[in-house]
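Student: Quick one: the structure is below, questions incoming.
The values are calculated or read from the model by the stated rules, or taken from the named source; none is laboratory data. These numbers come from a predicted model, not from an experiment. Cβ placement follows ideal geometry from the backbone for every residue including glycine, while neighbour counts extend to all protein chains displayed. Please note that ligands, DNA and RNA were not included when accessible areas were found on the heavy atoms of the full protein model with its side chains. Shrake-Rupley method; radii C 1.70, N 1.55, O 1.52, S 1.80 Å.
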Amino acid sequence: MHRCIQKHWIWQDANRFKWWVDLLLRANHEDKKILFDGVLTEVKRGQFITSLSKLAMEWGVNRDTVRRFLDMLESDTMITRKSTHKMTQITICKYDSYQ
C-alpha cells in the first residue's frame, strides 16, 4: 500500500479504512467462475460477490451502515456495484493500482 493513502479521506476513520482494506482483500486477483445460488457466474479480476447482510454481520454493523459506506465509495468512484435481491457484485475501480 502506498503512503499517499494517509492523505485520502478514508484514512480519517479507522473503521472505514478497515472496511476498505477488507473489500480490497476480498476482490479476486484473477478472473474465475463461481457457483452462486445454483448459477455459474463469471467474476473478473478486481470483483467479488457478497451481500449487504454478510458484510454487515462480518463488520458488526447494520445493513444501512454498509449501504451508506458503499454509497460513499461509489460516489468517489472507488467502486461500482450491481445488486440483485440475492447478491451484490462489487468491482474495485483501478484495482491494478492497489496491487
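Student: Pop out the ³J(HN,Hα) list for the range 91-96 in order, Karplus 6.51 cos²θ - 1.76 cosθ + 1.60 with θ = phi - 60°, rounded to Hz; leave Gly and Pro as x.
Tutor: Working through the residues one at a time gives 10, 7, 5, 6, 3, 4 Hz.
Student: Could you run the Karplus curve 6.51 cos²θ - 1.76 cosθ + 1.60 with θ = phi - 60° over the range 40-48 and give me ³J(HN,Hα) per residue in whole Hz, x for Gly and Pro?
Tutor: Here the 3J(HN,Hα) series is 6, 10, 8, 10, 7, 4, x, 10, 7 Hz.
Student: Which whole-number percent is the relative contact order of the chain (Cα, under 8 Å, 6+ apart)? Before the final figure, lay out the partial values.
Tutor: Details: 107 pairs, mean separation 22.3, N = 99.
Relative contact order for the chain comes out at 22 percent.
Student: Find the accessible area per residue for the range 49-99; the probe is 1.4 Å, ligands and nucleic acids are left out, and the unit is Å².
Tutor: Details: 3050 Å² over 51 residues.
I get 60 Å² per residue for this part.
Student: Which distance in nm do the two modelled labels at PHE36 and ASP22 give, with both placed 7 Å along the Cα-to-Cβ direction?
Tutor: Going from the PHE36 label point to the ASP22 one covers 1.8 nm.
Student: How would you order 86-96, 36-46, 54-64 from highest to lowest mean count of nearby Cβ atoms within 10 Å?
Tutor: Order by mean packing, descending: 86-96, 54-64, 36-46.
Student: Using 0.36 nm times the number of residues separating MET72 and SER53, minus their current alpha carbon distance, what extension gain do you get?
Tutor: Working: separation 19, 0.36 × 19 = 6.84 nm, distance 1.77 nm.
Contour length minus Cα-Cα distance gives 5.1 nm.
Student: Follow-up question, since we're still on this one. Under the 0.36 nm per residue contour assumption, what length would be gained going from the current alpha-carbon distance of ASN15 and ASN62 to full extension? Walk me through the numbers on the way to the answer.
Tutor: On the way: separation 47, 0.36 × 47 = 16.92 nm, distance 1.35 nm.
Answer, rounded to one decimal: 15.6 nm.
Student: Moving on to the next point. Given axes a ≥ b ≥ c from the Cα gyration tensor, I'd like to know whether the chain is rounded (a/c under 1.5), prolate (a/b larger than b/c) or oblate.
Tutor: Numbers: a/c = 2.12, a/b = 1.30, b/c = 1.63.
Note, shape of the chain comes out oblate.
Student: Quick one: what are the phi-derived ³J(HN,Hα) couplings along the range 55-60, Karplus 6.51/-1.76/1.60 with θ = phi - 60°, whole Hz, x for glycine and proline?
Tutor: Computed from phi, the couplings for the range 55-60 are 4, 4, 5, 6, 8, x Hz.
Student: Taking amide H positions as placed in the peptide plane 1.01 Å from N, state which residues far from ILE79 in sequence (5 or more) or on other chains have amide H under 5 Å from it.
Tutor: Close amide H contacts, sequence-distant or interchain: GLU74, CYS93.
Student: Over the chain, how many pairs of lysines fall under 24 Å by alpha carbon, counting only those 8 or more apart in sequence or from different chains?
Tutor: 23
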